[in-house]
Amino acid sequence: MRYCTYSEHMQRKHGEKVYKIPINIPVSCPNRDGTLSDGGCIFCGEKGAGFENLSNTMSIQEQLEKNILYIRKKYKAYKYVAYFQNYSNTYLPIEKLEEYAEAASLDNVVELSFSTRPDCISDAYLEKLASIATKLNKEVSIELGLQTVNYHTLNKINRGHTLAEFIDAVIRIKKFKFEVCAHVILNLPWDDQEDVIETAKILTALSVEQVKLHALYIEKNTKMCELYQQGKIEIISLEAYVNRVILFLQYLSPNTIIQRVAGRAPEEDTVFCNWNTSWWKIKDRIEEKMEQCDTLQGEKCDYLNGKALNVFEKTDIEKTDKR
Ligand code: SF4
């Protein structure tokens with residue numbers, strides 16, 4: 001592969017296929033419940049990110065068992081990541097999270113993954129999370145919504161946090177050695193290719209281990225939908241998105257794991273989603289184009305660790321050669 005895929009990474013790490021199973025718990029988000037705002041991010045719909053989730057009225061064990069039954073049969077996978085997906089899964093008392101984590105700790109669950117916002121992470125919370133991980137003998141990872149490093153765009157999409165909170169959360173999480181996955185949207189209407197490059201550079205500089213990309217979809221009954229229908233925002237073409245993903249991968253560290261290169265959402269809930277094509281066709285297109293251009297993830301990742309000093313090193317080498 002021309003980039004590091006999550007499936008290959010998990011296969012290598014665990015010696016077999018590992019699947020993520022979404023878990024839906026009754027939790028909200030400070031950007032929706034009135035704490036920061038009650039509108040939420042302008043692209044966030046009623047269901048948050050939980051299109052594929054089972055109802056949170058089902059117990060965690062029931063959700064896991066039902067999904068595992070399906071995944072085991074369809075994909076022949078026998079190990080799983082319990083993925084607390086929807087809204088902000090650390091926006092609740094840690095004792096409650098501990099209860100949920102315990103319920104999700106089935107024998108064949110190798111990792112507990114919590115999706116959240118950068119401003120829902122603190123040292124005290126992480127400390128307790130570390131003791132939960134030790135007690136349950138499970139790996140823990142944290143998925144952080146960032147979307148873009150362009151703080152003007154973060155303002156426009158009403159994220160309720162800027163880049164600083166993301167950087168702070170990553171630095172704190174790293175002290176506890178949990179892996180971080182950043183969620184990024186590469187085609188937000190106000191962003192251009194420079195934002196794409198800068199996003200890759202900042203994630204690399206912070207040694208974020210994993211990235212999850214998705215193309216912006218426009219959900220019905222959102223502020224983003226209103227702007228789209230009023231013609232106030234435009235979505236770049238599929239070809240331009242493919243180019244942005246490749247550009248992002250080129251500038252990203254060659255070691256960062258890519259969980260996905262496009263997301264998905266049900267047609268009935270959206271007015272625009274993935275240029276009316278399936279996410280896997282977008283993935284195929286990206287891979288084909290990388291092949292055609294003979295390019296690799298990390299190909300342009302040469303900007304850290306005092307790049308400007310390379311000129312002296314070169315001169316030194318030249319001098320040694322002449323001696
Ligand atoms: S942080 Fe996540 S759950 Fe909260 S409003 Fe934004 S997209 Fe929705």
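We did not get these values from a lab; they are worked out from the coordinates using the rules stated. None of these values were measured; they are calculated from a predicted model. Counting neighbours? That spans all protein chains shown, and the Cβs are built from the backbone with ideal geometry, glycine included.
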Residue, nearest to the ligand (Cβ to nearest atom), within the stretch 3-24, restricted to residues that are buried (at least 18 other Cβ atoms within 10 Å of the Cβ) and assigned to a loop (DSSP other than H, G, I, E, B): Asn24
Residue in the stretch 260-267 that is without any contact (Cβ under 8 Å) to a residue 24 or more places away in the chain, of a type outside the set (Gly, Ala, Ser) and part of a loop (DSSP other than H, G, I, E, B) present: no
Meets criteria (within 16 Å of the ligand (Cβ to nearest atom), touching a residue at least 12 places away in the same chain (Cβ under 8 Å) and either buried (at least 16 other Cβ atoms within 10 Å of the Cβ) or of a type in the set (S, T, N, Q) (or both)) for Val27: yes
Residue within the stretch 59-68 that is assigned to a loop (DSSP other than H, G, I, E, B), surrounded by fewer than 19 Cβ atoms within 10 Å (Cβ to Cβ) and of a type outside the set (Lys, Arg) present: yes
Count of the stretch 50-90 residues which are more than 24 Å from the chain's Cα centre (by Cα) and either of a type in the set (Asp, Glu) or within 16 Å of the ligand (Cβ to nearest atom) (or both): 2
Selection count where residues are in contact with a helix residue (DSSP H, G or I) (Cβ under 8 Å, 6 or more places away or on another chain) and outside any loop (DSSP other than H, G, I, E, B), scope the stretch 84-104: 9
Test for Lys289: is it surrounded by fewer than 19 Cβ atoms within 10 Å (Cβ to Cβ), more than 25 Å from Cys44 (Cβ to Cβ), in contact with a helix residue (DSSP H, G or I) (Cβ under 7 Å, 6 or more places away or on another chain) and not polar (S, T, N, Q): yes
Any hit, the stretch 171-189, residues being assigned to a helix (DSSP H, G or I), of a type in the set (Phe, Trp, Tyr) and in contact with a helix residue (DSSP H, G or I) (Cβ under 6 Å, 6 or more places away or on another chain): no
Ser115, sole failed condition from (1) within 16 Å of the ligand (Cβ to nearest atom); (2) touching a Lys or Arg at 6+ places or on another chain (Cβ under 6 Å): (2)
Sole exception among (1) out of contact with any Phe, Trp or Tyr (no Cβ under 6 Å at 6 or more places or on another chain); (2) assigned to a helix (DSSP H, G or I); (3) surrounded by fewer than 16 Cβ atoms within 10 Å (Cβ to Cβ) for Asp107, by number: (2)
Filter result for the condition that a residue is surrounded by fewer than 19 Cβ atoms within 10 Å (Cβ to Cβ), free of Cβ contacts under 8 Å to residues at least 24 places away in the same chain and among the polar types (S, T, N, Q), over Ser207, Ser278, Ser237: Ser278
